[in-house]
Amino acid sequence: MSDQSHSHPTPGLYLLILGALVVGTCLTWGIAFIDLGRWNPVVALTIAVVKAVLVILFFMHVHYSSKLTKLTISAGFFWLMIMITMSLSDYLTRTFLPQ
Amino acid sequence: MPTEKMRRSPLSTSQTTTTDHHPALAHQFDSMEQQQEASTFGMWVFLLTEIMMFGGLFTAYLIYRLKYYPAFVAGSTSISVSWGFANTLVLIVSSFTMAMTVWAAQNGKRKAQVWLLIATMILGAAFLGVKAKEYYDKWDECHIPGHVIGKGFNAWGGCSATNKSLGNIAEEIRDPKEHGNVNVTEVSAEQTAKQTEIFFSFYFLMTGLHAFHMVIGLGLLTWLLLRAKSGEFGPAYYTPIELGGLYWHFVDIVWIFLFPLLYLISRHQHGV
């Protein structure tokens with residue numbers, strides 16, 4: 001939001017984010033020892049994405065930055081997703097057909 | 001005014017040419033806010049190129065993990081998840097102290113700024129220390145990838161494992177206790193052990209590149225520490241601290257993805 005561009009996060013908010021990141025790290029470590037079958041990597045990566053988003057939005061102040069910065073960062077991650085999903089959609093589906 | 005006469009031509013009537021301004025304000029910017037906005041934007045463009053570089057490595061890693069899954073499980077479970085977990089916490093806390101450094105600069109707390117920077121650097125150094133210990137363990141277990149390098153280390157008397165390079169991983173794969181229900185032949189165990197070299201190549205390349213970024217980060221923080229000590233940063237000007245923080249948090253984010261992807265493959269079958 002542009003009206004937030006001059007406000008800054010407080011130590012209290014930073015502590016809250018730190019707490020969330022520590023909880024996320026412990027969760028991802030604990031869940032790794034539970035057999036969830038094919039969902040293990042999905043859960044681990046979901047927690048990692050949530051942690052990364054928290055760092056980006058609050059520690060890196062993107063939540064408080066201008067629309068131009070937000071748009072640029074979103075575009076960058078969109079391109080990253082194109083690289084990963086297009087590459088994996090090839091390799092993941094190669095075994096779907098009998099060889 | 002004499003200074004006005006010395007100018008060959010007045011370029012504009014903006015504040016930079018007509019009035020006193022903050023010493024850190026570069027002449028091409030109208031205001032400190034505009035300067036910080038441009039600097040932050042530029043830093044993000046740089047970080048996005050970094051994200052694409054690490055992103056390429058992550059994509060390659062995911063493809064090979066798919067292709068050689070059993071070998072990647074064997075490689076992943078041979079690295080210490082406890083040290084990886086501890087290091088993740090260390091890096092997250094260092095990100096917190098870095099965020100607090102920016103806060104201290106914004107609020108003109110000079111002493112707090114310096115101490116928080118020092119805390120961030122100590123945590124960063126602790127991370128690198130743990131990483132060095134992990135690397136040493138891999139060397140000791142003859143898990144350095146590459147036949148030539150592996151042999152070189154053995155000839156040097158570097159690694160203490162009785163078998164040749166990656167030999168103990170082949171032992172583990174053959175061990176019926178490790179893979180009770182899977183029928184592993186001698187040939188396939190040997191082959192899987194060789195494929196773990198691909199895992200270790202990714203492991204050393206990705207964590208090595210990450211550690212290299214940490215070293216650069218520590219250099220940047222030293223530079224910021226010296227400037228912060230001289231009292232350069234305050235509520236009006238803290239852009240270098242802000243950008244140093246962006247870099248430090250980016251390195252933290254890379255590790256947030258490296259930890260689950262490298263350390264946590266199929267842990268439920270193999271334990272700590």
### Query
In the stretch A:80-99, which residues are surrounded by fewer than 13 Cβ atoms within 10 Å (Cβ to Cβ) and either facing another protein chain (nearest Cβ under 7 Å) or not in a helix (DSSP H, G or I) (or both)?
A:ARG94, A:THR95, A:PHE96, A:LEU97, A:PRO98, A:GLN99
### Pair list, Cβ < 6 Å and 6+ apart or interchain, from the stretch B:54-73 residues that are more than 9 Å from every other protein chain (Cβ to nearest Cβ) and farther than 17 Å from A:LEU92 by Cβ to residues that are modelled with pLDDT under 90 and in a helix (DSSP H, G or I)
B:PRO70/B:THR192; B:ALA71/B:THR192; B:ALA71/B:GLN195; B:ALA71/B:THR196
### Query
Among the residues of the stretch A:67-78, which ones are surrounded by fewer than 14 Cβ atoms within 10 Å (Cβ to Cβ) and either touching a helix residue (DSSP H, G or I) at 6+ places or on another chain (Cβ under 7 Å) or assigned by TED's automatic domain parsing to the domain that holds A:VAL49 (or both)?
A:LYS67, A:LEU68
#### Entry: Selection count where residues are modelled with pLDDT under 95 and of a type in the set (Asp, Glu), scope the stretch B:50-99
0
### Message
Anything in the stretch B:69-97 that is part of a loop (DSSP other than H, G, I, E, B) and surrounded by 19 or more Cβ atoms within 10 Å (Cβ to Cβ)? List them, or say none.
### Response
B:SER78, B:ILE79
### Task
Just name the residue that is surrounded by the fewest Cβ atoms within 10 Å (Cβ to Cβ) out of those in the stretch A:12-51 that are more than 16 Å from B:PHE85 (Cα to Cα) and charged (D, E, K, R).
A:ARG38
### Message
Need the failing condition index for A:LEU97 against (1) within 18 Å of the chain's Cα centre (by Cα); (2) outside the structural domain of A:LEU15 (by TED's automatic domain parsing), just the number.
### Response
(1)
### Tally, over the stretch A:59-79, of residues that are free of Cβ contacts under 8 Å to residues at least 12 places away in the same chain, assigned to a helix (DSSP H, G or I) and farther than 23 Å from B:ALA60 by Cα
6
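The values are calculated or read from the model by the stated rules, or taken from the named source; none is laboratory data. Just so it is clear, the structure is predicted and the values come from calculations on it, not from any experiment. We place every Cβ from the backbone using ideal geometry, glycine too, and count neighbours over all the protein chains shown.
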